[in-house]
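Scroll down for the structure; my scribbles are underneath it.
The values are calculated or read from the model by the stated rules, or taken from the named source; none is laboratory data. All values reported here derive from a predicted model rather than from experimental measurement. Because the Cβ atoms are built from the backbone with ideal geometry, glycine has one as well, and the counts that use them run over all protein chains shown.
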Amino acid sequence: MLNNNLILKSLVYTTIALLFFGNITPNILADVEKLNLRKTYDYSFEQLDLQYIHNITENLSNIIFTEYNESNGEIAKGRAYGTKGEQKAAEIIYENMTALGLYTYKEQITNTTEYPDLTHELEILDYFVKINKKKIDSYIAPVWFETSENNQDLNHTYDYENLMVIRPPLSPSLYILKQKIVGRLEPFVLILQDRAFYPYNPLSTIPFLDNFYFNYYVIRQLQGGIPVFYSLLWDNYLDFCKGLILYDFNEDVHDMNLLKNQNHIPFIYINKSDGETILQDIQNTRVDFTLTQHLNTSIISYNVIGQMNGTDPTKTVIVDCLYDSWWCQGTADAAIGMAMVLAIAKYFKEQNITPKYTMKFIGFSGEEHGFCVGAKHYASLHTDENIIYMIDVNQLGFKQDDPTLTLNIIGNNIGLLAKISLLIQNAEYDDRVNSSSGLKYVWLKKGIVSNPLPFEKSHPTCEMLCFLKDSGWKLHHRDGVNHSEGDVLKYFDQEDVNVTGEIILNVVKYLTTDY
């Protein structure tokens with residue numbers, strides 16, 4: 001078991017480091033004049049095919065409805081890693097790449113020397129949650145630890161009825177002792193509000209703390225770490241503590257999270273409405289839940305690659321996006337981004353553009369459930385490939401009114417960020433996209449989120465960019481109301497998709513052509 005003091009120290013040191021790091025982040029546009037750069041760029045206001053992007057986004061989003069038979073008891077898992085939904089998405093991407101005239105192929109995910117468990121996934125075969133015998137919308141995170149409760153076997157069914165619900169006491173040992181003394185000790189679940197991606201953090205209102213580093217790497221980690229802390233706290237009392245209910249801060253949707261190798265007890269995610277129902281009469285509320293989990297060590301999944309040859313075959317540029325999702329429509333995260341990647345390839349083909357380098361348009365699998373499985377597989381198998389640029393298109397093109405969100409352009413090379421900032425300032429993103437709070441440049445020498453991360457080690461000279469709309473997205477990894485709420489198609493923002501797509505297209509053209 002992890003040492004709790006070590007965890008606390010790590011959190012404190014990380015927070016201090018990131019506070020300082022966030023404060024010294026350079027203002028890219030202010031410093032660009034110090035660089036010896038060409039000042040005139042031919043920014044193009046040509047846009048990607050919006051209808052094409054919407055059609056592909058819709059097809060990918062609808063997989064949760066078209067590929068599963070929930071009325072027959074099947075669990076609708078969206079485009080989750082290794083599911084038939086993800087495989088359907090791979091087919092859609094493959095067919096569209098082929099139709100564009102790209103050299104298209106799939107690479108099946110296999111275990112590698114560096115990553116020996118890429119094909120391992122703890123699958124949920126069955127689950128449900130009932131409050132006072134009424135079944136509710138929920139998600140249960142499986143347990144990756146072998147414990148006394150699962151008989152030291154990950155292949156296990158957790159099946160409980162008539163569990164008490166309690167708020168987390170300050171001291172587990174004192175609570176257990178007290179209940180024993182009064183003769184009222186019985187199995188229970190804890191209940192706690194899920195604050196993951198809660199955007200209204202008072203610390204973020206402090207100007208010098210309102211930056212990507214603090215919000216993403218401190219606040220987000222602390223929000224996600226609190227339930228894990230409780231899991232560790234109760235690890236010695238699994239005979240009585242059977243799970244942790246996390247009720248959302250959103251009314252009608254629940255969160256979903258993997259928590260691989262972190263939670264020692266099942267984490268039960270429910271919406272705010274059901275959570276408040278429990279709390280209103282907690283003394284008389286009883287919970288039943290079942291979770292059947294199975295370790296599958298031979299998951300079938302694919303990266304989908306569409307290649308366009310350039311004049312210099314010794315160098316490669318990757319334009320990519322994840323195409324898997326959580327158990328939801330997965331529109332913003334990241335069907336829109338995947339559709340944009342295809343639309344960029346479509347533009348190059350229709351304009352008869354021959355790039356300077358080999359271009360690979362890639363849909364990476366398993367980003368969500370497997371911590372960038374597809375990217376890890378590609379990076380470890382293609383170490384000899386001279387990848388000079390990687391442009392990662394992540395969650396973007398969606399609207400949220402309160403609070404409005406920021407389009408972050410994250411790069412590992414400050415010089416590259418400076419160059420493209422001169423180009424992108426012509427787009428006037430802040431003025432043209434009313435649903436966003438603006439555009440920011442973020443320099444991360446190491447640790448770019450999502451699919452670029454594995455390439456930092458395997459391809460250290462590769463210059464990377466990641467386009468990510470964040471800073472408090474309330475519906476991140478959320479689902480509810482028969483998959484009609486949460487990360488869903490109705491938040492597709494035509495205005496944002498047009499302008500963001502235009503920006504990414506200009507960056508790709510700048511890096512790969514002589515326009």
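Laid out as a table, the results:
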{"read-out": "Which listed residue, of 203, 185, 163, 177, is of a type outside the set (Lys, Arg) and in a strand (DSSP E or B)", "value": "163"}
{"read-out": "Residue 143 vs. criteria surrounded by 19 or more Cβ atoms within 10 Å (Cβ to Cβ) and closer than 16 Å to residue 259 by Cα", "value": "yes"}
{"read-out": "Some residue of region 207-216 being outside any strand (DSSP E or B), free of Cβ contacts under 8 Å to residues at least 24 places away in the same chain, in the same structural domain as residue 278 (by TED's automatic domain parsing) and within 30 Å of residue 441 (Cβ to Cβ)", "value": "yes"}
{"read-out": "In region 464-515, the residues that are farther than 20 Å from residue 319 by Cα and among the basic types (Lys, Arg)", "value": "474, 478, 490"}
{"read-out": "Those residues of region 464-498 which are part of a helix (DSSP H, G or I) and either buried (at least 22 other Cβ atoms within 10 Å of the Cβ) or under 18 Å from the mean Cα position of the chain (by Cα) (or both), in sequence order", "value": "489, 491, 496, 497"}
{"read-out": "Number of the condition not met by residue 351 [criteria: (1) farther than 25 Å from residue 299 by Cα; (2) of a type in the set (S, T, N, Q); (3) surrounded by 24 or more Cβ atoms within 10 Å (Cβ to Cβ)]", "value": "(3)"}
{"read-out": "Pair list, Cβ < 6 Å and 6+ apart or interchain, from region 485-500 residues that are in the same structural domain as residue 62 (by TED's automatic domain parsing) and over 13 Å from residue 49 (Cα atoms) to residues that are of a type in the set (Lys, Arg) and surrounded by fewer than 23 Cβ atoms within 10 Å (Cβ to Cβ)", "value": "491/399; 493/399"}
{"read-out": "Residues satisfying the stated conditions in region 431-484, i.e. at pLDDT 95 or above, small (Gly, Ala, Ser) and in contact with an Asp or Glu (Cβ under 7 Å, 6 or more places away or on another chain)", "value": "480"}
{"read-out": "Residue match in region 176-185 (condition: on the phi > 0 side of the Ramachandran plot and small (Gly, Ala, Ser))", "value": "yes"}
{"read-out": "Set 95, 123: member being within 30 Å of residue 287 (Cβ to Cβ) and among the acidic types (Asp, Glu)", "value": "123"}
{"read-out": "Residue count for region 373-386, restricted to those that are crowded, with 24+ Cβ neighbours inside 10 Å and touching a helix residue (DSSP H, G or I) at 6+ places or on another chain (Cβ under 9 Å)", "value": "5"}
{"read-out": "Residues located in region 231-247, provided they are part of a helix (DSSP H, G or I) and surrounded by fewer than 21 Cβ atoms within 10 Å (Cβ to Cβ)", "value": "232, 233, 235, 236, 237"}
{"read-out": "Condition broken by residue 323, with the remaining ones in (1) over 24 Å from residue 196 (Cα atoms); (2) buried (at least 17 other Cβ atoms within 10 Å of the Cβ); (3) touching a strand residue (DSSP E or B) at 6+ places or on another chain (Cβ under 8 Å) satisfied", "value": "(1)"}
{"read-out": "Within region 343-353, considering residues that are part of a loop (DSSP other than H, G, I, E, B) and without any contact (Cβ under 8 Å) to a residue 40 or more places away in the chain, the one nearest to residue 254 (Cα to Cα)", "value": "351"}
{"read-out": "Residue within region 394-407 that is over 16 Å from the mean Cα position of the chain (by Cα) and closer than 22 Å to residue 106 by Cβ present", "value": "no"}
{"read-out": "Selection from region 97-129 of residues that are polar (S, T, N, Q) and farther than 16 Å from residue 375 by Cβ", "value": "98, 104, 113"}
{"read-out": "Residue among 250, 257, 284, 296 that is closer than 19 Å to residue 221 by Cβ and either surrounded by fewer than 23 Cβ atoms within 10 Å (Cβ to Cβ) or in the same structural domain as residue 79 (by TED's automatic domain parsing) (or both)", "value": "257"}
{"read-out": "Which listed residue is of a type outside the set (Gly, Ala, Ser) and under 30 Å from residue 271 (Cβ atoms), from 514, 431, 493", "value": "493"}
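One line per residue, one yes/no per condition, for (1) of a type in the set (Gly, Ala, Ser); (2) at pLDDT below 95; (3) out of contact with any strand residue (DSSP E or B) (no Cβ under 6 Å at 6 or more places or on another chain); (4) surrounded by 16 or more Cβ atoms within 10 Å (Cβ to Cβ):
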site	(1), (2), (3), (4)
155	no, no, no, no
163	no, no, no, yes
173	yes, no, yes, no
182	no, no, yes, no
204	yes, yes, yes, yes
209	no, yes, yes, yes
214	no, yes, yes, yes
219	no, yes, yes, yes
224	yes, yes, yes, yes
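Residue-by-condition table, conditions (1) within 30 Å of residue 77 (Cα to Cα); (2) buried (at least 23 other Cβ atoms within 10 Å of the Cβ); (3) not assigned by TED's automatic domain parsing to the domain that holds residue 109:
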site: 338; (1), (2), (3): yes, yes, no
site: 361; (1), (2), (3): yes, yes, no
site: 364; (1), (2), (3): yes, yes, no
site: 388; (1), (2), (3): no, no, no
site: 405; (1), (2), (3): yes, yes, no
site: 417; (1), (2), (3): no, yes, no
site: 421; (1), (2), (3): no, no, no
site: 437; (1), (2), (3): no, no, no
